[in-house]
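We did not get these values from a lab; they are worked out from the coordinates using the rules stated. Because the structure is a prediction, the values reported are computed rather than measured. Here the Cβ is made from the backbone with ideal geometry for all residues, glycine too, and neighbour counts use every protein chain on show.
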Amino acid sequence: MFASLLVVVLGLRCGGGSDSGASGELLLGSPKLSGPSEALVTDIVNFFCELPNHPQNESIELRLLKKGDRPKHLGEYTSLRGEVGPIPKRIQLSHEGYLVCVASVQNNSAINSTVSQTHYLKVIGESL
């Protein structure tokens, strides 16, 4: 009996795979970031950010940022129905480094933003 109770308690504590927190608030999953791992200076490349478990009836802002330089974002896309967000970027030397995608619900600051795993971009060439 104790083992059954423990399983039930752990299932409730872990959320049981739900997209809601303990108080019923919406929780965003982690966004996924993909794109080239190398690019030439002045190339125009696309990065792709998506939120796999897009909440219904919510607009999700997807922002591309360089890790460690959070106030300045490199691009953004608004996902209305869970589509992958293309974020085009003209490459500069300063873009080299670890990039992340940040997902947040528009017009609802009560729901915490989530961050993707890092994606390293190597920039080749010199600025003109």
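The residue that is surrounded by the most Cβ atoms within 10 Å (Cβ to Cβ), among those in the range 105-120 that are assigned to a strand (DSSP E or B) and not aromatic (Phe, Trp, Tyr), is HIS119.
If you filter the range 60-81 down to residues that are hydrophobic (A, V, I, L, M, F, W, C) and under 11 Å from VAL105 (Cα atoms), you find that the one that is farthest from the chain's Cα centre (by Cα) is LEU80.
Inside the range 44-63, can you point out the residues that are among the charged types (D, E, K, R) and farther than 23 Å from LEU121 by Cβ? Across the range 44-63, the qualifying residue is only GLU58. From the list VAL102, VAL123, pick out the single residue that is closer than 14 Å to SER34 by Cα, of a type in the set (Val, Ile, Thr) and not in a loop (DSSP other than H, G, I, E, B). Checking each option against the conditions leaves just VAL102.
Per this entry, GLU96 is counted among residues that are surrounded by 14 or more Cβ atoms within 10 Å (Cβ to Cβ), in contact (Cβ under 8 Å) with a residue 24 or more places away in the chain and acidic (Asp, Glu). If only residues of the range 40-83 that are surrounded by fewer than 16 Cβ atoms within 10 Å (Cβ to Cβ) and of a type in the set (Lys, Arg) are counted, the one that is farthest from GLY97 (Cα to Cα) is ARG81.
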